[in-house]
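The values are calculated or read from the model by the stated rules, or taken from the named source; none is laboratory data. Since the structure is predicted, the reported quantities are computational estimates derived from the model, not experimental observations. With ideal geometry, Cβ positions are generated from the backbone for all residues, glycine too; neighbour counts draw on all protein chains shown.
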Amino acid sequence: MKQEDRVRQTKQAFRMALLHFLQEKPINKVTIADLTGFTGHNRSTFYLYYHDIYELKDDLEHTVFEEIHARMVRHPLEEMKESIVPLIYDMFDYADQNREVFHTLSNNKSYRELTDGVYALLRDFCYSSWDQVFPGADKEKYDLYFHFISSGMTSAVFYWITDGKESIDEVARATAEMVYAGNRVLFDD
């Protein structure tokens, strides 16, 4: 195994350990001993990569932001003009593959930084796309529409992760239909 693969796996193990403990207690109660005991790595390995638990938290957030952003940008605007189902499918697929992240977010109200960061990432992506996807839209309604869409999507993801029985395809299509219905707010009557 290459050195960079080992580093990536070790960091991923620490991120997963942090997620595990954040489901049980606030971050200021998570210890290095908790993380090293969970991962099987020693303290010196932790300190090789992180100054403290908060730097690990920042690394976790950065990793989630990068992964979500990578999934969003692989859907060209021309595709989204035709259908947003593939983009929404990709977001639900990411949630499915990262259930522990979403369980932690939905169960840990003190962990707002990650949720707020995801909202900011989505907002930037949406605002930069809407001018081209929705020509003629009422730009003054972007904020209202964004909050409607992002709150609905977030709630739908959290619901689906915890209680949903639908397949990713079913939930993506249903969510896209709701988004399309909301598009009307962007246009003058």
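Does any residue in segment 75-98 that is in the same structural domain as residue 175 (by TED's automatic domain parsing) come within less than 6 Å, Cβ to Cβ, of a residue that is among the aromatic types (Phe, Trp, Tyr) six or more places away or on a different chain, and which pairs are these?
Note: pairs meeting the criteria are 95/102.
Return yes when residue 16 is at pLDDT below 95, of a type outside the set (Asp, Glu) and not in a helix (DSSP H, G or I) and no when it is not.
Details: at pLDDT below 95: yes; of a type outside the set (Asp, Glu): yes; not in a helix (DSSP H, G or I): no.
No; evaluated as a whole, the condition is false for this residue.
Looking only at segment 65-84, which residues are surrounded by fewer than 17 Cβ atoms within 10 Å (Cβ to Cβ) and either in contact with a strand residue (DSSP E or B) (Cβ under 8 Å, 6 or more places away or on another chain) or not in a helix (DSSP H, G or I) (or both)?
74, 76, 83
Any residue at all in segment 26-37 that's outside the structural domain of residue 115 (by TED's automatic domain parsing), at pLDDT 95 or above and among the polar types (S, T, N, Q)?
Taking every residue of segment 26-37 in turn, at least one turns out to be outside the structural domain of residue 115 (by TED's automatic domain parsing), at pLDDT 95 or above and among the polar types (S, T, N, Q).
Name the single residue that is surrounded by the fewest Cβ atoms within 10 Å (Cβ to Cβ) among those in segment 116-142 being among the acidic types (Asp, Glu) and at pLDDT below 80.
140
Going by the structure shown, is residue 12 under 17 Å from the mean Cα position of the chain (by Cα), farther than 30 Å from residue 131 by Cα and exposed (fewer than 13 other Cβ atoms within 10 Å of the Cβ)? So that I can check it myself, show each step before the final result.
Working: under 17 Å from the mean Cα position of the chain (by Cα): yes; farther than 30 Å from residue 131 by Cα: yes; exposed (fewer than 13 other Cβ atoms within 10 Å of the Cβ): no.
Judged against the criteria, residue 12 is not a match.
Does segment 32-64 hold any residues that are surrounded by 11 or more Cβ atoms within 10 Å (Cβ to Cβ), in a helix (DSSP H, G or I) and of a type in the set (S, T, N, Q), and which are they?
36, 39, 45, 63
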